[in-house]
Structure formats: C-alpha cells, structure tokens
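Heads up: the structure comes next, in structure tokens.
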Amino acid sequence: MSILENKFTSILSSVALVALVTGLTPVRAQELSEDLVDEVDEIVVTGSRLKRSSYNSATPVQIISGEVARELGLFDVTSILQGTSQSSGLQVNNSFTSFVLDNGIGAATIGFRGLGAERTLILINGRRLTPAGVGGAPSAPDINMIPAALIERIDNVFDGASAVYGSDAIAGVSNVILRTDIEGIELQTSGSKPASGGGEEFSFTGLYGKSGDNWNISVATTYYERQSQSFAQNDFFNACDEYRFEDESGNLLTQYRGLAPGTTDSSCRLNTTNRVSIRDGIFGNVWSTPGTTNIGIPNFSETVIGPGLAPFAPPGTVTQIDSNGDGILDPEFLIDPDQNGLTEVDIQSTFFNLDRSERSQSGDLLTGSKLFTVYGTGYYNFQDDNDTELYFEAMYNVRKTKLFSPGSQFFPTVPATNPFNITNPDGQGVNSLNFFGVDFGAFEVIPIISIRGDRDLNDVEVSQKRMLAGIKGNISKFDTFLGGNWSYDVNVGYTTSTGTDVQQGIHDDRLELSLNTTIEDPNSPGTYICGVDNDGDGVPDGTDGCVPFAANAASLF
C-alpha cells in the first residue's frame, strides 16, 4: 500500500506529563508560553494521515503509557484497555460456553462507546491487527495476543475514524506502539496473587537491542501465565444465584425451600438435575432416589401432586399441609407415606441443585491462560537526501487456554420400547402409574442429567504470525508543491492465525441410535445390544460399535 502524506512543522510545548492516561484536548499553539516552545519536525497522530500535533487536532487522543501501566500492576492488554471509561470490553469465558461466539473461549476484545468490537479498530505500530480465535467466525482481534511487556504506549482515538480507516473504526481506534528503543539486554519479571486465591499472574520478558548511527535491531521474547480462578475461590461468586422476595409487610425474604417442607432452606435458585420427565401427564417430574421410592417406581420419588389426583392416591400416602404458615392449606398434596409432613426429596441438596454442588463451584470463573511471544523489529536509514529508510517487523505468538466448566445438561428422549426406560413394564422398569392403581403401559421419558466428561473441558490453542517490511522516506522533488514536505511509506505485510478448540462430549447421533435400538440380546439374556439392523431380522448387527446407554442412570454429581 502506498500513501502520500503532507508534512508540516508545528510549534509544541515540551511539557512533561506524568500519568497513566493523558487526555489531550485542542489548544492553539500560540497560546503556549514562548518559554516552553520547541520545534518538532513531525508527529504522526493515530486517526489521521496528516502529521500533526494533538494540540492542534480537533480529535483528542488518549495516551496510555505502557511503562506506567506495568508499574501499576497491569500485566495484560485486556486490563489496560478495558479499564478506560470509553471501553466496553468483553472477556469471553465460561459465562458464554452455551453459545458459539466469534472469537471463542479465552479471547478478549475491546469496543469503544458500546458499539462493539467489530467497530473498534486495533492497530500495532499503526497497522491493522487481524482477527484471531476459535469458534464461529473470528471478527475482531484478540487483544490477549499483544505482549503487554513490549508496549511503549497506546494511543486511543474515541471519535469515529471511519473516513481514514473504514467502517471497522466507526467507534474509534486503538493504536498499540511497541518498543523499538531497546539497547543491550533487559530482563523484566512481574507477578500478582489475589488474596482470595486463584487468578495468579506471572510474566517474564527478555529483550535485546543493538543500534548504530543509522540502524537498529531489537528482539524480544515474553511469557505470560494466568492461573484459573474457580467460583469457590471468589468471595462474590462462591455461593449461587439468589432468590429475593418481599412479603406483604415489606420484609425482605431470601430463604427458599423449593416445592415442599423438608427441603433445605436456601436462597439459591433451582438449577435441577438428576430427574426424569415422564410423558404420562400425571407426574411430570420424578427425582432420582437410589434405593427408595414413594410412588412405586424403583429408585425414583416425587414431592407433591395436584388436588385432582389426591383422591386416587392410596390411603395414608398424601398429606395436605400449610407450608408457609399462613393458616391456609396448600392446594398441592405432599406425597408423604410416613405422614411426618416432610418431603422425602430435598431438591435443594447438592445432588439435585446443580449450582450448589461442589463440582459446579469448582468450575472456572476466570480461565487459565498462557501466552508466549517472540517479536523482532529493525530499520536501516540510508542517510540520503530523501532520508530513505528500510524497516521490518515480525511477531509470533501462541495462546493456550483451558476452561473447566462442569454442569452441561442434556435431555435425551428415551422411547417407551427402550428396556432402560423406567416406565417400561417389559424391561427393567415398572408401571409408572401403579401408585394410582392404573396401568396405561410404558411412556416416553426425558432424563435431565449431567455426565462428567460431557462438554465440561475446553482446551484452546490460538497462534498468530505477523510479518511486515517496508520502505519510507521524503520526496524532495515535491518540496515546492503545495507547501512541500511530502513523504511516502510503502509496506507489505502477511498475517495468519490458526486456532483449535478441543472438547469431548456425547455425540447426539450416536446417543439417539443407542436409545432407539437397544434391546435385550436374544442370544444372551440379561445383556443388551444396539445398533443398525441391516438384515432386518430385528437384531442389531453389532458392526457399528453401538453401546447401550442406561438413560435413567444418575449423573456423577
């Protein structure tokens, strides 16, 4: 790409500004004190092709010092940029694992003024940083890939710059300027440890640079690691989503017992598992209670039934109670064979309420991440009349992120013919309506369960290569054309990124095949087979590796 630029001389103040973020506002040059004036050859400002000073610009530029940011303990670009008041950063983590996001797990993007990352342009040394990520279609750069230890400064333009850069700069531009002034050997290390545990950060950077009168070459390598932080390790998230109620007197109530007395008092909302929905139009839900039952279905129990069904229940098995103590009996009847007024199913226990389980609390609130970067840059100035200069940049980085997010549920439909269906009278189950003294045969059921190893671990790796070379200089022959001081900058670049996201889970097609074809092996009573029946004899051929699935099995939570 070739660019012609008009260059002019500006008079600027040489006032030293010591701050992490400096907002520059328009000021007339002649208003500056003559005692603080220096002559500046040229200043390139993000958001314009013109070489000018921020003081005579109509668009303020925010400058973030990389050195001061590191001194404040900000070890990654995400923390630096997302802390600005104009940004609306998005850290993609386990909160989004139910969705297909464009940049995927572990990525971080930045968006100014709430217009989204697709409308905020990210530059490195004034040149575009390409998207990187996994899942969906990555549409924005992953700012985690920028090594914070190599940042000299960040220039932010919060006004739209689409006239200069295109539609991806409608919200603004963030230009990350990496260091080129390295001389000799430098070693940097930093770290942090949250008081609550987890989320520890560590970074190490080695830099080497050598220069002469008209040349410089610099190389750097950096390693950054962040440990994961679980929900249990964070004081704000180490419980569960709460219910809050207000009674008629305006008192705030946070205790929630669930569906019946005998359920643990808790403020947690219900995110239930280990239950089965029966398509019989009577129970709806039954709960896994290994070794016991109160409705005649082995290993499953129920809490309450509606008033229309109570007269059909066996004598002494249901009780109408006043669960909230307001003197009015509940419309539902408690299934209570021992007549103690308490349910036999505590749905607020960690076995049924997924959010309260220890395994769920051990999930990652903050993902663990590792970033390795190698960066090189250099230039050679010919010191001719046109100040011709050759330059290059090269960067390679790889990010590895692991996310542990237990709790994924699935709801397979188990046909009535499946021998593991809990309502199948010809298989291992019994008549689901035997409690009411009727028999309508088997029903289709839908287990609501969570299985360890099913979509609970993501292993993400994203790498990016960036190479650029160019030549720039003045055009002395244009010195008399429109005021002179014309220059050029021609460069060519190549960037590529790859990403993988490995996640194990139950394959839906294979699960459906197993549920729909499982039968008892006619040649081996007590064992079960499943799969495709190519010869049509009613017996699976056993050639496709199908495994019978006990769909009513409790999860491993």
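The values are calculated or read from the model by the stated rules, or taken from the named source; none is laboratory data. The model shown is predicted, which means the values in this text are computed figures rather than measured ones. Cβ atoms come from the backbone with ideal geometry, glycine included; neighbour counts cover every protein chain shown. Note: accessible area is taken over every heavy atom of the protein model, side chains too, but ligands, DNA and RNA are not part of it. Shrake-Rupley method; radii C 1.70, N 1.55, O 1.52, S 1.80 Å.
Has segment 305-315 got any residue that is surrounded by 22 or more Cβ atoms within 10 Å (Cβ to Cβ) and under 27 Å from residue 421 (Cβ atoms)? So far as segment 305-315 goes, yes, one or more of its residues are surrounded by 22 or more Cβ atoms within 10 Å (Cβ to Cβ) and under 27 Å from residue 421 (Cβ atoms).
Being in contact (Cβ under 8 Å) with a residue 60 or more places away in the chain and either open to solvent by less than 50 Å² (accessible area, probe 1.4 Å) or farther than 30 Å from residue 420 by Cβ (or both) narrows it down to one of 514, 487, so name that one.
Checking each option against the conditions leaves just 487.
Annotation: of all residues in segment 318-348 being open to solvent by less than 80 Å² (accessible area, probe 1.4 Å) and polar (S, T, N, Q), the one that is modelled with the lowest pLDDT is 323. Residue 348 passes every criterion in (1) part of a loop (DSSP other than H, G, I, E, B); (2) within 22 Å of the chain's Cα centre (by Cα) apart from (2). Listed by first and then second residue, the pairs with beta-carbon distance under 7 Å, at least 6 apart or on different chains, first residue in segment 181-194 and closer than 30 Å to residue 380 by Cα, second outside any strand (DSSP E or B) and modelled with pLDDT under 85, are 188/149. Here are 163, 169: which of them is at pLDDT below 85, loosely packed, with under 14 Cβ neighbours inside 10 Å and within 30 Å of residue 119 (Cα to Cα)? It is 163. Screening segment 527-549 for residues that are under 30 Å from residue 271 (Cα atoms) and surrounded by 14 or more Cβ atoms within 10 Å (Cβ to Cβ) and picking the one that is modelled with the lowest pLDDT gives 549. Selection over segment 466-484 of residues that are basic (Lys, Arg) and surrounded by 15 or more Cβ atoms within 10 Å (Cβ to Cβ) gives a count of 2. Checked against (1) free of Cβ contacts under 8 Å to residues at least 40 places away in the same chain; (2) closer than 30 Å to residue 131 by Cα, residue 468 meets all criteria but (1). Of all residues in segment 119-152 being out of contact with any Ser or Thr (no Cβ under 9 Å at 6 or more places or on another chain) and not in a loop (DSSP other than H, G, I, E, B), which is nearest to residue 202 (Cα to Cα)? In this case the residue turns out to be 124. Taken over segment 172-193, residues that are among the small types (Gly, Ala, Ser) and open to solvent by less than 10 Å² (accessible area, probe 1.4 Å) amount to 2.
The set of residues in segment 224-237 being out of contact with any Ser or Thr (no Cβ under 7 Å at 6 or more places or on another chain) and open to solvent by 30 Å² or more (accessible area, probe 1.4 Å) consists of 225, 227, 231, 236, 237. So which residues in segment 352-375 are in a strand (DSSP E or B) and within 20 Å of residue 462 (Cα to Cα)? Answer for segment 352-375, where residues must be in a strand (DSSP E or B) and within 20 Å of residue 462 (Cα to Cα): 364, 366, 368, 369, 370, 371, 372, 373, 374, 375. Of the strands (runs of 3 or more DSSP E) entirely within segment 204-301, those holding at least 3 residues that are over 30 Å from residue 334 (Cα atoms), out of contact with any helix residue (DSSP H, G or I) (no Cβ under 8 Å at 6 or more places or on another chain) and hydroxyl-bearing (Ser, Thr, Tyr) occupy 215-226. Going by the structure shown, is residue 346 more than 24 Å from residue 360 (Cα to Cα) and either touching a Ser or Thr at 6+ places or on another chain (Cβ under 9 Å) or among the polar types (S, T, N, Q) (or both)? Answer is no for this residue. Can you say whether residue 181 is of a type outside the set (A, V, I, L, M) and closer than 18 Å to residue 110 by Cβ, as far as the supplied structure shows? So residue 181 does not fit the description; no. Comparison of 490, 547 shows that the only residue that is in a strand (DSSP E or B), within 40 Å of the chain's Cα centre (by Cα), of a type outside the set (Ser, Thr, Tyr) and at negative phi is 490. Screening residue 454 with (1) free of Cβ contacts under 8 Å to residues at least 60 places away in the same chain; (2) surrounded by fewer than 17 Cβ atoms within 10 Å (Cβ to Cβ) gives one miss only, at (2). In segment 201-216, the residues that are in contact (Cβ under 8 Å) with a residue 24 or more places away in the chain form Cβ pairs under 7 Å with partners that are of a type in the set (Lys, Arg), at six or more places apart or across chains, as follows: 201/226.
The number of residues in segment 194-209 being surrounded by fewer than 19 Cβ atoms within 10 Å (Cβ to Cβ) and among the β-branched types (Val, Ile, Thr) comes to 0. Of the listed requirements (1) in contact with a helix residue (DSSP H, G or I) (Cβ under 9 Å, 6 or more places away or on another chain); (2) buried (at least 21 other Cβ atoms within 10 Å of the Cβ), residue 422 misses just one: (1). Is it the case that some residue within segment 510-523 is among the polar types (S, T, N, Q), at pLDDT 90 or above and part of a loop (DSSP other than H, G, I, E, B)? Looking for residues that are among the polar types (S, T, N, Q), at pLDDT 90 or above and part of a loop (DSSP other than H, G, I, E, B), one finds at least one in segment 510-523, hence yes.
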